[in-house]
Structures are given as C-alpha cells and as structure tokens.
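Since every read-out is calculated from the coordinates, none of them should be taken as a lab result. None of these values were measured; they are calculated from a predicted model. Here Cβ is always computed from backbone atoms with ideal geometry, including for glycine, and neighbour counts include all displayed protein chains.
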C-alpha cells in the first residue's frame with residue numbers, strides 16, 4: 001500500500017511538473033507568437049505604405065506644324081518602351097510606314113487628368129508633322145504622350161520600387177509564381193512541410209537546386225528583414241511569422257505584397273524591389289505590357305537576381321527562364337506550344353546604357369533639392385508621390401553627346417593641360433525658367449559630385465555683362481558711350497596693390513562700350529565699374545537672381561566671384577528674358593498617391609532689370625557672337641539663327657565658361673579640372689565649342705526680342721561711338737538707344753551722307769589710334 | 001506724349017534715318033517653333049480693319065466732315081499685326097478656360113504651361129496665365145505677367161490693350177485705384193472697346 005501511494009504521489013508530482021512545464025511552454029509560446037506577430041504585422045502594414053516618389057520627365061506634346069521627323073518620333077516612342085508591331089493594336093505599340101506612324105498611346109495619370117489610352121495617326125513631311133488624327137480620322141489639335149520615367153526618390157537604405165495594384169498585374173504573374181515557387185500557395189497556412197520534403201528530393205535527384213522549399217509567404221517575410229543570416233533560429237522565426245501573416249491577412253494581400261516587395265536586381269546604389277520596377281528596369285515598359293517570355297524571365301530571376309542577372313549572365317538567365325516555361329507548361333498554366341514559342345524568343349532585356357527608367361542623376365539631384373523645400377524626406381521617399389519635371393530627355397541626350405564629344409576631342413589635343421577635363425552643361429527655357437537639361441560631369445550617368453549645383457568657380461568675364469548692364473541702367477551710359485581702356489591701380493583694404501591687365505596686355509585708350517564688351521576688355525570694364533559703383537554692380541547681381549550679392553571687391557568686376565553653373569544660368573536667364581527674373585524650376589507638378597495635386601514651385605516672373613537696358617545689353621551680346629570673342633560659333637550655326645552670349649575665362653585658364661542663348665534656349669557650359677589646375681583653354685576654345693555643338697543640334701529659334709517702345713535704332717561707329725550712316729565704312733553698326741538720346745555726329749560721315757568713292761572702305765579720316773586698334777582687333 | 005513722338009518721328013524721317021530693322025536685313029528670319037514675336041507662324045496674318053472713330057467725332061456724327069481730320073499718326077516702326085494663337089495653343093487655352101470655370105485651377109495651370117512650351121514668346125498666353133493667377137489670388141504675378149505680355153507685344157495695340165486691362169484689374173484688386181485707372185486709360189487709348 002505505501003509503495004503504490006508513493007508511486008501515485010510521484011506520478012502526480014510528475015504530472016504537476018509536466019503541467020507546469022506545459023503551461024510555461026504555452027506562455028512562452030504565446031509571448032513569442034505575440035512578439036513575432038507584432039513584428040511581422042507592423043512590417044507588413046508599414047511596408048505597404050512605403051512608396052518612393054516616382055519622377056517623370058516632361059511629356060512630349062504633339063501638334064501639327066511641330067518640327068519633328070518620323071524618325072525622331074519613333075525614337076521617342078522606343079525610349080518610352082513602345083514596341084514596333086505590324087498590328088499596333090495594344091497600348092504601347094506603334095507601326096511606321098514611311099512618313100506615317102500609327103501609335104497606341106498608353107493611358108496615363110497626369111497631374112491634371114487621367115488621360116485615357118488613345119489611338120493616333122501622325123503624318124510627317126519635310127521634318128515637320130503635317131497631320132495628327134485620331135482613330136476616327138478627325139483632326140486632333142494637340143496630343144500628349146505618356147512621360148518618361150526618369151527615376152525615383154528612394155530612401156537611404158536604397159530600396160526602390162514601383163508599386164503595382166492588383167489590376168496592373170498580368171494574371172499570368174501570380175500563376176507563374178505559384179507554379180515555380182510555391183505550388184500549394186492557395187492551400188497552405190504559411191509553411192508547407194511537404195513542399196520542403198519534395199524540394200529536397202527533387203534537388204537531390206536533379207543534382208542542382210531546382211526548387212526551394214520556402215513558400216512565397218516565407219520568402220516575403222525573409223525579404224522584410226535585411227538580415228540574411230540563415231540560422232536555424234532565423235528560419236524558425238520566419239516560419240512562425242509566415243503562419244501568423246497568413247492568419248491575419250488574406251492570400252490576395254500576401255501575393256500582392258510579394259509582387260511589390262521581392263528583391264529583383266541592383267542598379268548601382270539602387271536596389272530594385274518589386275515586379276513593377278523590375279519590368280521597367282529590365283524591359284523599359286510597364287508590367288502589364290510584358291509577354292510570356294518576359295514574365296517568365298522575371299520569375300526566373302526571383303531565385304537569384306545577381307546569379308541570374310540577364311545582362312551579366314545571359315546564358316544562365318536564359319536557361320532558367322526556359323526551365324520556368326517548362327514548369328508552366330507542365331502545370332498547365334500555359335500550353336506546350338505557347339511555352340515552346342516563348343522559349344525560342346531572345347531574353348529581350350534593354351541595353352545597360354539606358355535601363356528603362358533612364359538615369360539622369362544630376363537633374364534628379366536638382367529635383368530632390370527643390371522638393372525638399374516643400375516636403376519632408378519621409379514624404380518624398382514613402383508617400384507614393386508622383387513628380388512631374390521639366391526635363392527634356394532628347395535635349396539632355398544631345399547635351400551629353402556634345403559634352404562627351406568635345407571633351408574627348410580635347411583629350412587628343414597637343415596640350416596636355418587640356419586632357420581629362422570635366423564639364424557641366426545647364427539648359428533652360430528663358431521665358432519660363434524651366435531647367436530642361438542638366439549634366440553634372442563628364443560621365444553624365446554617374447551619380448557622383450554634381451558640379452552643376454555644387455562646383456563653385458570664378459566666373460571671369462561672365463561678370464562683365466552685369467557691369468555693363470548696371471552702367472546702362474544708370475542712365476549715364478549708352479552703347480556708344482566712351483570708356484577708358486587705360487591702366488588702373490587700386491589699393492585694396494589689405495594694403496596690397498591691384499593692377500589688372502588686358503588679355504593681350506595692351507591698353508586701347510578710349511573705346512566704346514560696345515567694343516569693350518564685345519572684346520571683353522578688362523581695363524575698360526574695371527574703369528567703368530568703378531565709375532558706376534561696386535555697390536550698384538553687386539546689387540545688379542542680386543536683381544538678376546543671385547541669392548547673395550557678391551562681396552564688393554574691385555576684382556568682382558572681372559569675375560573673381562565663385563558661382564556654380566546653376567547660379568550662372570539663373571543670372572543669364574534673366575538677361576535672356578528681357579530682364580524678367582524667373583526662378584529656375586525643375587519641378588512642374590506633384591500629386592499624391594490618389595492623384596490629388598500638391599504644392600509645387602510655380603511659374604513666376606518679375607521685372608528685375610530695366611527692359612531697355614537689358615535690350616541694349618542683349619544687342620551687344622549679339623555683337624559678341626557676330627564680331628567678338630564668340631564669333632567662331634557663327635560658322636557652325638545657320639545664318640538665320642541669331643544668338644547672343646558671353647565667354648568667360650578665369651585666372652590662369654583654370655575655368656572656361658560660355659553662357660549664350662537663342663530665342664528659346666539658354667545654354668551655360670563650364671569646362672575645367674576638378675583639381676583646379678590650368679586648362680590652357682579660354683572660354684572661346686574650351687566651353688564655346690561644346691555650346692556651339694549643342695546649339696547647332698537642337699531645334700531652336702532665333703533670338704529676336706522686340707525693341708521697347710521708347711527706344712530706336714541708330715547707326716554709330718564701333719570705335720568712336722559717333723553717329724554715322726550705314727553706308728559709311730565697315731565699322732558702322734546699328735544699336736538701340738533711348739529715343740532722343742544725344743549722340744555726337746561723326747566728323748566726316750553724317751547720317752544721310754552718300755558715299756562718293758565706293759572703293760574706299762573708310763570715308764572718315766581715321767584717328768591714328770583707330771587704325772592701330774583695328775589692326776590689333778583683326779587678330780584671332 | 002503722342003504729339004512729341006510724332007514730331008520726333010517727323011524729324012527722323014526728314015533726316016533720312018535709315019534702316020529701322022534692328023538686325024541683319026539679309027535673310028528674313030524663319031520663324032520656327034514658337035519664336036516669332038507673337039505672330040502666328042506660317043500664315044501671313046491679315047491686318048484687320050479696326051473700326052476706329054475719327055478723333056473729334058461722336059458716334060452717330062455724320063461722316064461728311066468739313067474740316068479735314070488729322071492724318072493717322074505714323075509710327076516709327078510698322079504696327080505689328082495682332083497676335084494669334086497656333087491651333088495647338090488655342091486648344092490648350094480653351095481647355096484651360098474650361099478648367100478655370102470648373103474651378104480646377106491646377107489643371108488650368110498645366111494646360112497653359114503646355115501651351116507656353118509650344119509658344120513661349122506669345123503674349124496672349126502670358127495674358128491667359130495672368131488671368132489664371134488672378135483666379136488663384138496671386139495678384140502681383142498677374143500684374144507681372146501682364147507686363148511681360150506688354151514687352152512681347154510692342155506695336156500690337158490690341159494685345160497691349162488686353163495686357164493693360166489685366167494690369168489694371170490686378171491693381172484695382174489690390175486697392176491701387178489711381179494706378180489701375182491709368183492702366184485702364186492706356187488700354188482705352190490703344191484699342192477702344
């Protein structure tokens with residue numbers, strides 16, 4: 001009796017112990033589940049709303065009379081990922097027959113409307129669009145293509161994605177994912193123990209890793225956590241979290257999250273997540289336009305985006321893609337014929353130069369900085385904004401080409417200093433201040449130091465127009481006024497002596513304002529600037545758009561002012577826009593994820609400088625191109641394309657600048673070395689060739705501003721500034737003056753004089769200096 | 001002011017002041033894209049006959065005047081034909097006006113910016129944009145854009161009159177009544193409604 005009593009007590013103690021253990025385990029289990037559950041749920045729900053901002057270029061507007069060839073148009077279409085096809089019946093396709101193009105334009109949600117898909121027929125003749133019609137044959141006055149995706153603003157951890165909603169996902173994709181990665185997806189509860197077994201066997205039999213045992217849910221969980229340790233504990237945690245996820249959310253949600261989350265490739269610093277972005281990244285087109293062989297490739301990449309990178313390891317990628325197709329056929333997702341046909345197609349990925357979603361880092365940088373004024377970082381990287389910008393991708397490419405070609409040419413020059421140069425190009429639309437192209441360095445698509453925004457360099461003679469504008473605005477000077485191109489010595493506050501010199505070390509004596517500016521004479525500019533007042537010149541810099549007036553040293557007159565190319569572009573934009581200051585903008589519109597418009601910098605114009613003074617200055621800047629330091633450009637530009645501009649060279653040839661404009665484009669170019677070493681180039685020999693090459697290659701208009709009402713043209717002598725007649729001498733030119741301005745009449749050739757001796761170019765007796773000046777001037 | 005200008009013109013004409021064209025007279029510049037200063041590209045615009053009342057007459061007066069009417073004042077430069085919009089810009093302006101009526105001001109802004117990309121130098125577009133700015137409550141910008149339109153339409157009385165009216169409205173809305181009156185007066189001088 002005692003023994004059974006003791007054993008019963010023992011048993012009960014064991015039972016109790018066991019129960020306590022069980023209870024403890026249960027509690028522990030609950031806590032673990034609760035903790036993991038909380039973690040995964042907050043990840044899942046949190047991640048659903050982490051949507052980087054998508055950034056688009058300026059959409060191309062189409063209209064009759066537009067300067068556009070069939071060739072260029074189809075190029076644009078291809079850049080947008082449109083496919084040439086005989087049928088041309090789906091959005092994203094086109095067909096070209098000679099001068100006629102039929103295109104199915106994609107639907108797109110612009111900031112002002114959801115533009116539906118539309119069918120257009122365009123006819124081109126002589127480099128212009130001659131007709132634009134819709135599917136019914138009616139004329140369309142203006143039509144808009146969908147814009148080019150140029151990037152995203154993604155968070156610092158580098159993940160980038162284009163979120164696709166279930167309606168934007170081709171039904172084939174989830175089917176294919178299930179077939180290849182997780183056959184029992186619809187049935188399991190988060191983990192599939194049988195699948196693990198099956199995968200083990202299959203892989204052993206095949207001798208290679210063909211199938212994974214993880215479910216899609218497990219893969220999703222794994223991808224939420226950057227930690228890629230494959231410890232047993234981690235696997236266990238993931239399994240538990242997968243189960244919890246399945247318990248809390250439905251299959252459709254999980255599949256959609258997977259499609260938007262899974263890591264599918266690397267683009268430099270940018271990690272490509274989700275099939276939406278992967279489709280753009282590999283094929284340059286939206287997910288819903290992919291064909292069977294393309295979808296299969298993406299599914300194949302899931303297993304190992306670097307191992308199966310179709311650009312770096314095309315053979316492996318092809319093999320796995322066709323394996324995927326086989327699996328799809330086996331499981332009756334597609335027919336055998338479809339699979340076979342698809343297996344015969346090439347990979348179809350776009351070249352690595354323009355990976356769908358072209359890459360313009362310098363411009364994107366500007367976009368980001370401008371947006372940061374109105375938006376917090378989290379808004380930009382997580383709130384799913386869509387940003388519409390001012391970038392013209394075609395012009396951007398032309399600018400990149402022009403810069404690259406010229407710098408390469410310099411690499412081959414005899415002067416070693418001109419090798420290995422860096423460069424910047426900024427292009428704006430003067431009337432609106434829109435930045436339409438920006439290059440931050442020689443390797444335009446490298447996301448490094450953005451010289452366009454951050455490289456501050458002395459602007460040299462680019463400062464001179466500011467000085468002359470100040471003089472004209474003061475009312476005390478006209479383009480024909482005389483200034484002294486004579487040596488000047490200044491004692492600076494520190495006690496040192498400043499004694500500037502002309503480029504050729506000569507003093508020309510009394511010269512006209514127009515000659516001084518056209519030939520970029522230093523001495524004349526300094527004397528003029530001192531007379532007008534340093535404070536007024538500094539103020540003019542600010543008026544033109546510089547945020548902070550430069551320090552009022554005399555050397556400011558010769559451009560000892562460090563500015564970035566975009567600062568220069570802002571200043572010259574005002575000069576190119578009749579004195580109206582328009583803040584440079586890269587962003588046109590921003591909408592939230594529901595398509596509602598948000599804050600964006602708005603088009604703004606303010607009369608900052610006198611219209612008459614700017615007009616007179618601009619006419620002189622035209623002369624810079626006609627007969628001054630910019631004249632070598634004229635050879636490569638059509639005669640009718642009137643342009644204006646200014647060269648700039650800093651001390652010891654360290655910086656070579658050119659800023660010049662047509663009627664519709666302002667282009668600023670800087671060329672130099674990052675380490676500030678001399679380049680042996682002037683503005684004329686360094687930056688100007690880049691500018692000219694670009695200006696000659698774009699569709700632009702002549703610079704023809706209207707003369708202000710209270711001004712009139714009068715003929716004056718270039719050297720003496722006296723009023724003369726156009727038929728007298730080659731040195732007479734027409735310049736604008738305020739109506740009623742007093743001009744000294746020329747001594748021998750009066751307005752209205754008829755020339756008597758036609759063989760003699762010069763009618764008036766030339767002052768001795770004039771002959772000397774002319775001789776010097778004619779030297780290149 | 002007008003008399004003074006007339007005298008100056010007369011003096012200059014007498015002096016045989018030569019070419020008034022500011023640029024090289026060789027080849028007429030081909031107006032591509034949206035270059036031409038507010039003039040419609042392509043077709044040669046017709047000078048509309050504007051019904052201007054003869055100075056000194058009231059509506060209803062008999063046209064048979066006894067005293068000779070003063071000659072229409074010659075201008076220093078040929079009067080520019082009234083600016084017109086390209087069909088594409090016109091369509092976008094129509095769209096913008098419809099959007100404004102519906103209260104979709106951001107949408108109207110997009111439409112007008114598209115038009116400005118096509119014709120950045122057309123003063124009519126700047127006047128439209130200025131009107132939109134009025135709707136948006138941005139009165140200083142409305143005036144600025146009116147002034148920009150003025151600069152782009154020198155010699156084109158009708159467009160200048162519209163620009164002055166816009167400027168006047170903007171000034172009036174800010175309570176600057178004397179300046180507003182001046183602006184409206186200039187509009188009336190240029191193109192009596």
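Brief remarks follow.
- What the Kirkwood sum gives for chain A is a hydrodynamic radius of 30.7 Å, with every pair of different alpha carbons counted.
- Contact order, relative form, for chain A: 10 percent (alpha carbon pairs under 8 Å, 6 or more residues apart, mean separation divided by residue count).
- Computed on the Cα atoms alone, the convex hull of segment A:59-146 gives a volume of 90 cubic angstrom per residue.
- Each eigenvalue of the Cα gyration tensor of segment A:529-572, multiplied by 5 and square-rooted, gives one semi-axis; in descending order these are 17, 11, 8 Å.
- Per the Debye calculation on segment A:601-742 with a single equal scatterer at every Cα and no solvent contribution, log₁₀ I(q)/I(0) for q = 0.11, 0.13, 0.14, 0.17 Å⁻¹ amounts to -0.51, -0.69, -0.79, -1.04.
- Across all directions, the shadow cast by the convex hull of segment A:128-221 built on its C-alpha atoms averages 12.6 square nanometres.
- Per-residue mean of C-beta atoms belonging to partner chains within 10 Å, peptide A:69-79: 0
- Shielding by partners for peptide B:109-121, expressed as the average number of C-beta atoms from other protein chains within 10 Å of each residue's C-beta, is 6.
- Of the residues B:172, B:148, A:491, the one with the fewest other Cβ atoms within 10 Å heads the list, and the complete ranking is A:491, B:172, B:148.
- Angle in degrees between helix A:193-206 and the longest Cα principal axis of chain A, rounded to the nearest 10: 70
- Scattering curve values for segment A:264-362, log₁₀ I(q)/I(0), Debye with Cα scatterers, q = 0.13, 0.16, 0.21, 0.22 Å⁻¹: -0.43, -0.63, -1.05, -1.14
- Footprinting exposure proxy ranking of A:293, A:419, A:38, A:665, fewest other C-beta atoms within 10 angstrom first, gives A:38, A:419, A:293, A:665.
- 0 to 90° range, to nearest 10: angle between helix A:522-532 axis and chain A longest Cα axis: 90
- To the nearest ten degrees, helix A:232-248 and the longest principal axis of the Cα atoms of chain A are 90 degrees apart.
- Averaged over the residues of peptide A:704-717, the number of Cβ atoms from other protein chains lying within 10 Å of each residue's Cβ is 5.
- Relative contact order, percent, segment A:499-638 [alpha-carbon distance under 8 Å, six or more residues apart]: 22
- Two-decimal Rg to Rh for segment A:481-589 - Kirkwood Rh, Cα set: 1.03
- This ranking places A:35, B:154, A:367, A:140 by how few other beta-carbon atoms lie within 10 Å of each, fewest first, which gives A:35, A:140, B:154, A:367.
- Contact order relative to length of segment B:88-190, as percent, for alpha carbon pairs under 8 angstrom and 6 or more apart: 19
- Inter-centroid distance (Cα atoms) of segment A:501-515 relative to segment B:146-193, Å: 45
- Inverse of mean 1/r across different Cα pairs in segment B:88-190, Kirkwood, Å: 13.5
- Each stretch of four or more DSSP H residues adds -39500 (n - 2.57); spread over every residue of chain A, this sum gives -11500 deg cm²/dmol at 222 nm.
- Cα point-scatterer Debye curve for segment A:591-652, base-10 log of I(q)/I(0) at q = 0.23 Å⁻¹: -0.98
- Isotropic mean projected area of the C-alpha convex hull, segment A:151-343 (nm²): 11.2
- Compactness of segment A:400-697 was expressed as the Cα radius of gyration divided by 2.2 N^0.38 Å, which yields 0.98.
- Between segment A:275-314 and segment A:369-445, the alpha-carbon centres lie 29 Å apart.
- DSSP beta bridges confined to segment A:1-139 are antiparallel in about 90 percent of cases.
- Evaluated on segment A:78-193, the Kirkwood hydrodynamic radius is 17.9 Å, with distances taken between all distinct Cα atoms.
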